[in-house]
Amino acid sequence: MSAPPVVAVEGVSKIYSTGDVEVRALDGVGFTIERGAFVAIMGPSGSGKSTLMNLIGCLDRPSHGRLLIDGTDISALSSDALATIRRRTIGFVFQTFHLLPRLTAVDNVAMPLSYTGAPVGERRKRATALLAAVGLDDRARHFPPQLSGGQKQRVAIARALVADPAMVLADEPTGALDTRTGREILALLQSLNAKGRTIVVVTHDEEVARHAGRILRFRDGRLVGDETIEAPLDAAERLRGENPRKEAAE
Amino acid sequence: MSAIEAVRMALAALGANWLRSALTMLGMVIGVTAVIATFAIGVGAQVAIGKVIANLGSNVLMVWPGNANIGGTRGPSGASGRLSERDADALRRELDGALVVAPTVSGNVQAVNGNLNWQTRVNGVTNDLFIARDWEIADGRIFSEQEERRGGKVVILGETVADQLFGDTDPIGAVIRLQRVPFEVVGVMRPKGQTMFGQDQDDVMFVPLDAARLRLVGRFRSRPDQVDMITIKARSAEVLSQVEEEARSALDRRYPQAETGEAYNLRNMTQIVEAQTSAARTLSRLLGVVATIALVVGGIGIMNIMLVSVTERTREIGLRMAVGARRRDIRRQFLVEAVMLALLGGTIGIILGAAVSIVVASLTGWPLVIAPEVIAIAFGFSATIGVFFGWYPATKAARLDPIEALRYE
């Protein structure tokens, strides 16, 4: 593979200083994530996984070490340069969706493109296509409060894809959803991955992590496990399996 | 993001909290209203003075008979009817600073030319009146010396009268009938337009003083040297008050007793108008202070509400940063909102200010002055206030840390 890895972490540390106390949130971490991978980052709270997510998401810079995103070293970039990398390379999906309540679903999806200089018509066309791809073509004109949790997360995933990023970075994407809806979202992420999209999911939920092809485990700021999953859980299949029961209940 | 899109986005954000936005604009509205009204009143007064001076002539004093007071009953001004041409002669002799002293009489007549007729005002004057009132002949000539002395049957028409009686044809040399007496038209005055009270000053004609008294205005037949008014024009503004004083003492000497009320009225017209307009100028200055305070308070109000808005929308800011908005994109978003608040307030203020100006103009009879420059200045001012007071909140928003902002509850 000649293309650079989507993420290359080389001896990265992140140190927070509060007064006299130094907190090593990450301590000499190194790994790479190849294009097209589905990686879960796991660890209990305080393990440094949130810090790592902020770094991979180009929201923050490492204190030490090198961090390459899609081949670009972001360790010494300005905040505006980081913003540009985020816009082009990373699609965020959050636990609490982070939709703007006063924009329709399609406008929420199109919102990131307003910072690209693309014409309004083109942005809307692309957003509409992505909403259709996540199965929400009939909800394009709805506002977030009119949508269910699963629908909101689908809108958020469409938004994450709108700028055609190298990687979708999902922070506890099923954390605010019931099991079934969570599986639907995981199935959607898996199908995106099957089409070649790099997916990184940050979670503390072992079952969620089992849907990925690889699990990176963190504890106390260090990488303590790098496990390849030979047979990841197939969310779509598990949904089919429980469908009759669900339908009967409804 | 295009400017139009940024504006539309800002308006949507303001509309989402429309009551709050409207209340925030109030300071701007009051401030800009006051600015527009200040200017309209200030300049209106200025223009009013200029117009009065242009109407009456500059450095002009006017004398007319006092009100009669017979057995305790006070008649209207001018009723004593005692001002005479001899008074004018005396003033002409005694006032060194006077350029001209012009006695006039006036009345209403029916003017007839062929089958056209027109009811109008006729003034019996000397050529001095044209000098006193800075009023020139547009066509034809003024009275000859002989016509003045003998009350020649010649008439000079105001523009309106000429139009009514002659239409497009040349009136010079034509003969019209005034009270059945034929008069030759020798001149037409330059048009003067309306007074500030909307009177048509060109709806008038002039004949020699004696022609009016003897042939046209009946009430002078018993007292042929009586006049209705004497207009005095001083040589310059510097000597005007001196001339006024001298005129008073000269007239006092001629009418020493006062048992029948005032013998005469003497007015420095410019002074009267200036006194009236100085009150307007004070009001205008007061409004200026109100405007300044209201604009500053309005600006601070905008800053306050923008700070609240930034805090409320911290998560939105975090999200926008996460999806790739640069700091300047965030700053622009909030700056445009602040400017839109200020501009909307300013626009309402301009409309209200124009309404106030119209009311003031109709109450005072001053000309309505709503200059486009002032509207442009008010608009520019509003935008500047929006930028000035919006800068800090917008910068605060732009400086937020995206990680903190995303986590903000």
* **Filter pass, B:E409 being at pLDDT below 95, within 14 Å of chain A (Cβ to nearest Cβ), in a helix (DSSP H, G or I) and surrounded by fewer than 17 Cβ atoms within 10 Å (Cβ to Cβ)** => no
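Listed here are the residues, each with its yes/no results for (1) away from chain A (no Cβ under 14 Å); (2) under 30 Å from B:N268 (Cβ atoms); (3) among the polar types (S, T, N, Q); (4) part of a helix (DSSP H, G or I).
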{"site": "B:R8", "(1), (2), (3), (4)": "no, no, no, yes"}
{"site": "B:L14", "(1), (2), (3), (4)": "no, no, no, yes"}
{"site": "B:L19", "(1), (2), (3), (4)": "yes, no, no, yes"}
{"site": "B:T33", "(1), (2), (3), (4)": "yes, no, yes, yes"}
{"site": "B:A37", "(1), (2), (3), (4)": "yes, yes, no, yes"}
{"site": "B:I49", "(1), (2), (3), (4)": "yes, yes, no, yes"}
* How many of the residues in the stretch A:41-61 are more than 13 Å from every other protein chain (Cβ to nearest Cβ) and either at positive phi or touching a Pro at 6+ places or on another chain (Cβ under 8 Å) (or both)? -> 3
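For every residue, the table says whether it meets (1) assigned to a helix (DSSP H, G or I); (2) in contact with a strand residue (DSSP E or B) (Cβ under 9 Å, 6 or more places away or on another chain); (3) surrounded by 15 or more Cβ atoms within 10 Å (Cβ to Cβ).
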site	(1), (2), (3)
A:V200	no, yes, yes
A:H211	no, yes, yes
A:R217	no, yes, yes
A:V224	no, yes, no
A:E230	no, no, no
A:L233	no, no, yes
A:L239	yes, no, yes
* Limited to the stretch B:291-328, what total is found for residues that are away from chain A (no Cβ under 14 Å) and small (G, A, S)? -> 5
* Asked: Has the stretch A:99-106 got at least one residue that is away from chain B (no Cβ under 14 Å), crowded, with 17+ Cβ neighbours inside 10 Å, of a type outside the set (K, R) and under 24 Å from A:A194 (Cα atoms)?
  -> no
* Asked: Is there a residue in the stretch A:62-84 that is more than 14 Å from chain B (Cβ to nearest Cβ), in contact with a Leu (Cβ under 8 Å, 6 or more places away or on another chain), surrounded by fewer than 16 Cβ atoms within 10 Å (Cβ to Cβ) and in contact (Cβ under 8 Å) with a residue 60 or more places away in the chain?
  -> no
* Asked: Mind checking whether some residue in the stretch A:217-239 is on the phi > 0 side of the Ramachandran plot and charged (D, E, K, R)?
  -> yes
* For the stretch A:131-156, which residues satisfy the criterion of being within 18 Å of the chain's Cα centre (by Cα), among the aliphatic types (A, V, I, L, M) and more than 13 Å from chain B (Cβ to nearest Cβ)? -> A:L131, A:A133, A:V134
* Can you tell me which residue in the stretch B:31-47 is farthest from B:M340 (Cα to Cα), limited to those that are surrounded by fewer than 22 Cβ atoms within 10 Å (Cβ to Cβ) and in contact with a helix residue (DSSP H, G or I) (Cβ under 9 Å, 6 or more places away or on another chain)? -> B:Q46
* What strands (runs of 3 or more DSSP E), lying completely within the stretch B:120-206, carry at least 2 residues that are under 24 Å from B:R219 (Cα atoms)? -> B:154-157, B:175-178, B:181-189
* Out of curiosity, is A:A127 crowded, with 23+ Cβ neighbours inside 10 Å and small (G, A, S)? -> yes
* Evaluate the following for A:R61: is it of a type in the set (K, R), under 24 Å from A:T203 (Cα atoms) and in a loop (DSSP other than H, G, I, E, B)? => yes
* Asked: under 25 Å from A:Q190 (Cβ atoms) and at pLDDT below 95 - does that describe any residue in the stretch A:12-28?
  -> no
* Asked: Quick check, is A:G91 on the phi < 0 side of the Ramachandran plot, at the interface with chain B (Cβ under 9 Å from one of its Cβ atoms), touching a residue at least 12 places away in the same chain (Cβ under 8 Å) and among the small types (G, A, S)?
  -> yes
* To do: Under 6 Å between Cβ atoms, at least 6 apart or on separate chains: pull out the pairs that start in the stretch A:131-142 with a residue that is under 20 Å from A:L100 (Cβ atoms) and end on any residue that is part of a loop (DSSP other than H, G, I, E, B).
  => A:L131/A:A140; A:R141/A:T104
* Asked: Among A:T116, A:T128, which is within 12 Å of another protein chain (Cβ to nearest Cβ) and farther than 22 Å from A:F38 by Cβ?
  -> A:T116
* Structure fact -> Scanning the stretch B:267-313 for residues that are surrounded by fewer than 19 Cβ atoms within 10 Å (Cβ to Cβ) and in contact with a Leu (Cβ under 8 Å, 6 or more places away or on another chain), the one modelled with the lowest pLDDT turns out to be B:M269
* Subset of the stretch B:340-382 (residues that are outside any helix (DSSP H, G or I) and of a type in the set (V, I, T)) -> B:V369, B:I370
* Listed residues B:V100, B:V185, B:V161; which is buried (at least 17 other Cβ atoms within 10 Å of the Cβ), touching a Pro at 6+ places or on another chain (Cβ under 6 Å) and not polar (S, T, N, Q)? -> B:V185
* **Selection count where residues are over 60 Å from the mean Cα position of the chain (by Cα) and either more than 10 Å from chain A (Cβ to nearest Cβ) or acidic (D, E) (or both), scope the stretch B:395-406** => 1
* Structure fact -> Just one listed residue, out of B:A398, B:A355, is modelled with pLDDT of 90 or more and crowded, with 22+ Cβ neighbours inside 10 Å, and it is B:A398
* Return yes when A:F143 is of a type in the set (A, V, I, L, M, F, W, C) and closer than 26 Å to A:H211 by Cβ and no when it is not. => no
* Cβ-Cβ under 9 Å pairs, at least 6 apart or on other chains, the stretch B:240-266 side part of a helix (DSSP H, G or I) and exposed (fewer than 14 other Cβ atoms within 10 Å of the Cβ), far side modelled with pLDDT under 85 and aliphatic (A, V, I, L, M) -> B:D252/B:A263
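The values are calculated or read from the model by the stated rules, or taken from the named source; none is laboratory data. No experiment lies behind these values; they were computed from the predicted model shown. With ideal geometry, Cβ positions are generated from the backbone for all residues, glycine too; neighbour counts draw on all protein chains shown.
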